[in-house]
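Coordinate-derived values only; no laboratory data. Values in this document were obtained by computation on a predicted structure and should not be read as measured data. So basically every Cβ, Gly included, is an ideal-geometry build from the backbone, and we count neighbours across all protein chains shown.
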Amino acid sequence: MSQVPNIRLNNGVQIPQFGFGVFQIEPARTAEVVRTALEAGYRHIDTAQGYGNEEGVGQALRESGLARDEVFVTTKLINDRHGHDEAISALDESLQKLGLDHVDLYLIHWPRPRADRYVETWRAFEKILSDGKARSIGVSNFQVPHLERLAAETGTVPAVNQIELHPWLAQRELQAYHREHGIATEAWSPIGKGGDLLADERVVALAEKYGRSPAQIVLRWHIQQDNIVFPKSVTPSRIRENIDVFDFELSADDIATIDELDSGTRLGPDPDTFG
Ligand SMILES: NC(=O)c1ccc[n+]([C@@H]2O[C@H](COP(=O)([O-])OP(=O)(O)OC[C@H]3O[C@@H](n4cnc5c(N)ncnc54)[C@H](OP(=O)(O)O)[C@@H]3O)[C@@H](O)[C@H]2O)c1
């Protein structure tokens, strides 16, 4: 079993730094794939209402025999349910699908600034937190102005901001804001969706140097800067390989080499316009 460290969120809740993402895993396959991840030692699952596979996640959790407090479960509010009452009823539906009475982390999936309802939605999240339906609440894909607005208009700092983050998009400005305000950084598409990033000659050279795979090198880069990651895979050997990154360390020079890959390249949508 891996030795995944916990990170302490700003409300004291502990989150395993390494988890398993289930975006684009077909609903019918999700229970089997998540079971494989739990058997490989993952204790943190990142799903979303919009992924359509919360039922499969819940089934795998029940079949694993693990106690509820042994697995950290995150889900997210779908874009068309922004609003106070909408958010509360959406979480109730997610909980029913997951077969849980609370999640460990609930996120606003995208800010949708043009709809301009994320502050009202965040007030519902504050109620969700005080009602115990989520142990912690956060946001995803929020930019600095969106975070500043939450800080100015509400009393609760998000526990996390889950953002696209990998060596091609290092998000330095947002990361600095997070550090300053006690917001943990969660990195989505941490290995760049498994594409060309892993074939970059500098990543491949480091993989050869450390006797690891390119994905493990990139994941280790995240771990050493305190990012929370949850790579997705439906391939059992990759599921096991990805979490096996806690017995080696990249040197400062090699971290710097990966830092040089930052080109501001997004693989996903622009949060200022999406949704
Ligand atoms: N908040 C958001 O808006 C948002 C957006 C996107 C993602 N996310 C979250 O972040 C999680 C991870 O992001 P992601 O799924 O977009 O991308 P990712 O984890 O960076 O990459 C997943 C892709 O990489 C492949 N892969 C996995 N391990 C590999 C390895 N060791 N070597 C080579 N290829 C490998 C997978 O293929 P196989 O499956 O075929 O093995 C899959 O195609 C998601 O599942 C979701 O939980 C959140």
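With the requirement that a residue be within 16 Å of the ligand (Cβ to nearest atom) and either over 14 Å from His222 (Cβ atoms) or part of a strand (DSSP E or B) (or both), what does region 150-177 give you? Scanning region 150-177 gives Pro158, Ala159, Val160, Asn161, Gln162, Ile163, Glu164, His166, Leu169, Leu174. Just one of the listed residues (Gly58, Gly50) is assigned to a helix (DSSP H, G or I), over 15 Å from Ile239 (Cβ atoms) and within 12 Å of the ligand (Cβ to nearest atom), and it is Gly50.
Listed by first and then second residue, the pairs linking a residue in region 46-60 that is within 22 Å of Phe18 (Cβ to Cβ) to a residue that is small (Gly, Ala, Ser) and not in a loop (DSSP other than H, G, I, E, B), with Cβ atoms under 6 Å apart and 6 or more places separating them unless they lie on different chains, are Asp46/Gly21; Glu54/Ser94; Gly56/Ala31; Ala60/Ala31. The residue that is nearest to the ligand (Cβ to nearest atom), counting only those in region 5-46 that are farther than 18 Å from Ala184 by Cβ and of a type in the set (Val, Ile, Thr), is Val22.
Considering region 62-87 alone, what residues qualify as being surrounded by fewer than 20 Cβ atoms within 10 Å (Cβ to Cβ) and either within 21 Å of the chain's Cα centre (by Cα) or not in a helix (DSSP H, G or I) (or both)? Lay out the reasoning, then the answer.
Filtering region 62-87 down to residues surrounded by fewer than 20 Cβ atoms within 10 Å (Cβ to Cβ) leaves 62-70, 79-80, 83-86.
Once the filter is applied, which keeps residues that are surrounded by fewer than 20 Cβ atoms within 10 Å (Cβ to Cβ) and either within 21 Å of the chain's Cα centre (by Cα) or not in a helix (DSSP H, G or I) (or both), region 62-87 yields Gly65, Leu66, Ala67, Arg68, Asp69, Glu70, Asn79, Asp80, Gly83.
Count of region 99-118 residues, restricted to those that are over 16 Å from Gly19 (Cβ atoms) and among the hydroxyl-bearing types (Ser, Thr, Tyr), is 1.
Mind listing just one residue for me: the one in region 239-275 that is over 26 Å from Arg112 (Cα atoms) and of a type in the set (Ser, Thr, Tyr) and, of those, surrounded by the most Cβ atoms within 10 Å (Cβ to Cβ)? This residue is Thr257. Tell me which residues, restricted to region 123-149, are part of a helix (DSSP H, G or I) and within 16 Å of the ligand (Cβ to nearest atom). Passing the criteria: Phe125, His146, Leu147.
Taken as a whole, region 186-201 holds at least one residue that is more than 10 Å from the ligand (Cβ to nearest atom) and in a loop (DSSP other than H, G, I, E, B). Where helices (runs of 4 or more DSSP H) fall entirely within region 204-275, those with at least 3 residues that are within 10 Å of the ligand (Cβ to nearest atom) are at 214-223, 236-243.
Yes or no, residue by residue, for (1) within 18 Å of the chain's Cα centre (by Cα); (2) more than 22 Å from Phe142 (Cα to Cα); (3) among the aromatic types (Phe, Trp, Tyr):
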| site | (1), (2), (3) |
| --- | --- |
| Ile217 | no, yes, no |
| Gln224 | yes, yes, no |
| Asn227 | yes, no, no |
| Phe274 | no, no, yes |
